[in-house]
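The values are calculated or read from the model by the stated rules, or taken from the named source; none is laboratory data. If you're wondering where the values come from, they're calculated on a predicted model, not measured in any experiment. Heads up, the Cβs are rebuilt from the backbone with ideal geometry, glycines too, and the neighbour counts pull from every protein chain shown.
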């Protein structure tokens, strides 16, 4: 569904603590796991037992029932890496789930029990099923800049956040073999936040990138500076087959048509990044694509002559409420560009759900926001 956004750009020139940068408030919360994981399991268990006893009105039987749900949650989280689904820390997420269970336990019985049972079902679905349930989106894009009879298939990948290989990555590679895209574009965030310096994760990322093939090439940009570390990332993807575009503009010759592709580094400050973008001059008769990690540049880039901007970063919110949308979107414009296809004045913007999960203390969970890869068919 195409949504129209006539949003005037705001200035963030002097803003500090921008989403996706190091040491912003959200980033500090994410790294809660660094000290939370040092606390012994028995200490958590003792605190949870005391809280369960308090919210159960000092009734031992009710407290033990609630403790049973706490233990079920822990076992489910513990088994995620065993089944090669995700590989995050347990105790920070366990604490979040326990806090929610304590709140719902305050609802009068027996309704509270049904909420707690539903919580188990949601954990199984949100942590085990949906993060591996790949969504393959397909969109037709029409432009008078594309000659009649010509069709180009472009695949957007984004927010891989590699930890260890899972069934999800295997499904992606199988879809690429099956669909034969002409061009693959990667909109940033390659490693998981918990595994930035992990040699095995780096090795698996390189293996994944080497498996990507398209006749017109594989191009990508860096994502958030806190994820695709500037001091690490360029060397990491070297000789993988991915052409890393760092404030570059090229023309891709597809034979009967040429595409202008611009790849821009993302600092998450639109004012700073757009100032660099203004130095580029692309032919107005070519279909022009801007590859940039976050959607927040769109209110500015839409007037720079681009036909399409491909972004990610928001993960679609990861947790969405049907009919309402994301609980939280990591964007300077709030929920305006949380996921999907937008018309921003004369430019189209697509914001992918992404593939992987952020890392650190962020729960490895998706609810009504499946991991996504997107095939665009570009034609007249």
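Figures for the structure shown
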item: Unmet criterion (only one of (1) in a loop (DSSP other than H, G, I, E, B); (2) buried (at least 17 other Cβ atoms within 10 Å of the Cβ)) for residue 288; result: (1)
item: Qualifying positions in segment 343-376 - farther than 28 Å from residue 182 by Cα and in a loop (DSSP other than H, G, I, E, B); result: 358, 359, 360, 361, 362, 363, 364, 365, 366, 368
item: Any hit, segment 245-256, residues being in the same structural domain as residue 368 (by TED's automatic domain parsing) and closer than 22 Å to residue 372 by Cα; result: no
item: Condition check for residue 291: under 25 Å from residue 151 (Cα atoms), in contact with a helix residue (DSSP H, G or I) (Cβ under 6 Å, 6 or more places away or on another chain) and modelled with pLDDT of 95 or more; result: no
item: Exclusive hit being surrounded by 18 or more Cβ atoms within 10 Å (Cβ to Cβ) and either outside the structural domain of residue 174 (by TED's automatic domain parsing) or in a helix (DSSP H, G or I) (or both), set 115, 87, 78; result: 87
item: Strands (runs of 3 or more DSSP E) completely within segment 213-265 that count 1 or more residues being under 20 Å from residue 161 (Cβ atoms) and in contact with a strand residue (DSSP E or B) (Cβ under 9 Å, 6 or more places away or on another chain); result: 218-220, 242-244, 258-263
item: Qualifying residue in segment 270-288 (condition: closer than 19 Å to residue 209 by Cβ and touching a residue at least 40 places away in the same chain (Cβ under 8 Å)); result: no
item: Flag for residue 171 being assigned to a helix (DSSP H, G or I), within 22 Å of residue 245 (Cα to Cα) and at pLDDT 95 or above; result: no
item: Residue match in segment 123-143 (condition: within 30 Å of residue 360 (Cβ to Cβ), out of contact with any strand residue (DSSP E or B) (no Cβ under 8 Å at 6 or more places or on another chain) and without any contact (Cβ under 8 Å) to a residue 12 or more places away in the chain); result: yes
item: Every pair of residues 6+ apart whose Cβ atoms lie under 6 Å, when the first sits in segment 176-187 and is within 15 Å of residue 255 (Cβ to Cβ) while the second is buried (at least 22 other Cβ atoms within 10 Å of the Cβ); result: 183/154
item: Residues of segment 1-41 satisfying the condition of being outside any loop (DSSP other than H, G, I, E, B) and at pLDDT below 90; result: 25, 26, 27, 28, 29, 30, 33, 34, 35, 36, 41
item: Selection count where residues are surrounded by fewer than 24 Cβ atoms within 10 Å (Cβ to Cβ) and either touching a helix residue (DSSP H, G or I) at 6+ places or on another chain (Cβ under 8 Å) or within 21 Å of residue 172 (Cβ to Cβ) (or both), scope segment 345-354; result: 2
item: Residues within segment 307-341 that are in contact with a helix residue (DSSP H, G or I) (Cβ under 9 Å, 6 or more places away or on another chain), outside any loop (DSSP other than H, G, I, E, B) and either buried (at least 23 other Cβ atoms within 10 Å of the Cβ) or not assigned by TED's automatic domain parsing to the domain that holds residue 159 (or both), tallied; result: 2
item: Residue in segment 141-150 that is touching a helix residue (DSSP H, G or I) at 6+ places or on another chain (Cβ under 7 Å) and crowded, with 17+ Cβ neighbours inside 10 Å present; result: no
item: Qualifying position, being surrounded by 12 or more Cβ atoms within 10 Å (Cβ to Cβ) and either part of a helix (DSSP H, G or I) or in contact with a strand residue (DSSP E or B) (Cβ under 6 Å, 6 or more places away or on another chain) (or both), among 107, 184; result: 184
